[in-house]
Structure formats: structure tokens, C-alpha cells
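The values are calculated or read from the model by the stated rules, or taken from the named source; none is laboratory data. Please read these numbers as outputs of a predicted model, since none were measured by experiment. When we count neighbours, we look across all protein chains shown, and the Cβ atoms used for this are built from the backbone with ideal geometry, even at glycine.
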Amino acid sequence: MQTLTRAGSGTNPPKAKAGSRRLRSSLPEPRYRTRRTCHLVDIENLVGQPEAGPRYTPAVFSRRAHELSASYQLKWVNSGDLVYVGCDASLMLETLIDWEQYAVRIGRGANGADRALIEVFDLDAAARSCDVLQIASGDHAFAELASRARARGLYVRVVSRSDALSRDLRRNSDGIYIFG
């Protein structure tokens, strides 16, 4: 049996002897939590565009987004995690189907998905209930958010394509994983 300790106490609480009553402490009961991650997923950034050749057709882009969504969820998402997914209105139907049990935010225009995710993210709530902020995007728009999350004690992990990761986001993260 494992005994939990209050964070930073360095010692285990004293064990009560059989038949004895434990005195109640005037200290608030410590809150224990399991590792929980808050995901901000910019699905279009994960899909990207091919480096050479013609741009994705809508059908190819949609199929690739579906494949990456399934792969990402299988690899990274655990039950109890908070998951927010951002996409452009052009991918709304596919994204809603692929991420049906999670919060999907629709953005419009350049960096619309980024703005939608940043608007919905509550740093205070995440810092209270999560240990990790995982940003599935390489966009510069998330760099300041990553910096603020680290300052609040969250471990910031970035999942991105190698060719899509901004220097500022890399600098403001604790871990980088190349995905795709």
C-alpha cells in the first residue's frame, strides 16, 4: 500500500495505531490528482501542406486530417484529459465527427483556429486541474500562452511537424515531439 504525502512535505503522515482515533488536523486536506493533460489541438497545423508538389485537394486534406486525428487520440489522449480542437470552418464536419466527444472550436480566416483555441483556454482552470498543457501545433500564436502556462507550473509539451514549429514556441516549451 502506498501512502500519499502532501506535496513538498517530504515525510509520510503518521500512521494511526490500531484502535486509536486520529486527531483532525487544522490544515486543509491536501488535494491529490493524477496526471492530467489539457490538449489544444490545431488539426490543420498538424496536417500541414506537402513541401513539394500541388496543394492538398479538399478530399486529400480531409482524409489526412482524419488519419492524424485518429493517430493523435490513440497516442496522446487519456480518459479524463481536457481536449479542445480548433479547425477552420471548411473542416468543421470532419472534425466534429473525428473529435465528437471533445470540445471543437471553429475559427475563420488566417489563424482562426489558433485564436479560437486561445480564446477558449482557461489557464487558471488548467493550472488547478492539470499537470500538462499539450499544444498540438507549431504556430507562433501559442508561444506567449506556453510561457504563461510554464510560469503557472504546468509542464508544456508541444506536438508539431518538424517544418511547422516556431522558434518562440520551441523556446517556451518543456518538451517537443515531432508528429505526422
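What tally of residues in region 141-180 results from selecting those that are touching a Lys or Arg at 6+ places or on another chain (Cβ under 8 Å), farther than 15 Å from Ile43 by Cα and not aromatic (Phe, Trp, Tyr)? Break it down stepwise before answering.
At the first step, the residues of region 141-180 found to be touching a Lys or Arg at 6+ places or on another chain (Cβ under 8 Å) are 141, 143, 156, 158, 172-180.
Pick out the ones that are also farther than 15 Å from Ile43 by Cα and you get 143, 156, 172-177.
If we keep only those that are not aromatic (Phe, Trp, Tyr) as well, we get 143, 156, 172-176.
Summing the residues that are touching a Lys or Arg at 6+ places or on another chain (Cβ under 8 Å), farther than 15 Å from Ile43 by Cα and not aromatic (Phe, Trp, Tyr) in region 141-180 gives 7.
Listed here are the residues, each with its yes/no results for (1) buried (at least 16 other Cβ atoms within 10 Å of the Cβ); (2) on the phi < 0 side of the Ramachandran plot; (3) modelled with pLDDT of 95 or more.
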| site | (1), (2), (3) |
| --- | --- |
| Arg108 | no, yes, no |
| Leu117 | yes, yes, yes |
| Asp124 | no, yes, yes |
| Val132 | yes, yes, yes |
| Glu144 | no, yes, yes |
| Ala149 | yes, yes, yes |
| Asp163 | no, yes, no |
| Arg171 | no, yes, yes |
| Asp174 | no, yes, yes |
**Message:** Would you confirm, using the coordinates I've provided, whether Asp163 is under 24 Å from Asn78 (Cα atoms) and not hydroxyl-bearing (Ser, Thr, Tyr)?
**Reply:** no
**Fill in**
Counting only residues that are over 13 Å from Asn45 (Cβ atoms), hydrophobic (A, V, I, L, M, F, W, C) and in a strand (DSSP E or B), region 79-118 contains a total of 5
**Request:** Give the residues of region 119-152 that are without any contact (Cβ under 8 Å) to a residue 60 or more places away in the chain, under 15 Å from Arg36 (Cα atoms) and among the hydrophobic types (A, V, I, L, M, F, W, C), sorted by residue number.
**Result:** Leu123, Ala125, Ala127, Ala149
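Out of Asp114, Asp81, report the one residue that is within 13 Å of the chain's Cα centre (by Cα) and within 23 Å of Gly175 (Cα to Cα). Full working, then the answer.
Numbers: Asp114 fails: within 13 Å of the chain's Cα centre (by Cα).
Just a single option satisfies the conditions, and that option is Asp81.
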**Item:** Pairs where the first residue, in region 163-180, is touching a residue at least 60 places away in the same chain (Cβ under 8 Å) and the second is part of a strand (DSSP E or B) and not acidic (Asp, Glu), C-beta under 7 Å, 6+ apart
**Value:** Phe179/Val159; Phe179/Ser160
**Prompt:** Exactly one of (1) closer than 19 Å to Asp139 by Cα; (2) hydroxyl-bearing (Ser, Thr, Tyr); (3) modelled with pLDDT under 95 is unmet by Ser62. Its number?
**Reply:** (1)
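Within region 86-96, track down each residue that is over 16 Å from Asp122 (Cβ atoms) and touching a residue at least 24 places away in the same chain (Cβ under 8 Å). Before the answer, list the steps.
Narrowing region 86-96 to residues over 16 Å from Asp122 (Cβ atoms): 87-96.
Scanning region 86-96 gives Cys87, Asp88, Ser90, Leu91, Glu94, Thr95.
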**Complete:** Pairing a residue in region 55-82 that is surrounded by fewer than 18 Cβ atoms within 10 Å (Cβ to Cβ) with any residue that is charged (D, E, K, R) and not in a helix (DSSP H, G or I), where Cβ atoms lie under 7 Å and the two sit 6 or more apart in sequence or on different chains, gives Gly80/Arg36; Asp81/Arg36
**Request:** List every residue pair whose Cβ atoms lie under 9 Å apart, where the two residues are 6 or more positions apart in sequence or sit on different chains, the first residue falls within region 31-45 and is over 14 Å from Glu67 (Cα atoms) and modelled with pLDDT of 85 or more, and the second residue, located anywhere, is among the hydroxyl-bearing types (Ser, Thr, Tyr) and surrounded by fewer than 15 Cβ atoms within 10 Å (Cβ to Cβ).
**Result:** Arg36/Ser129; Cys38/Ser129
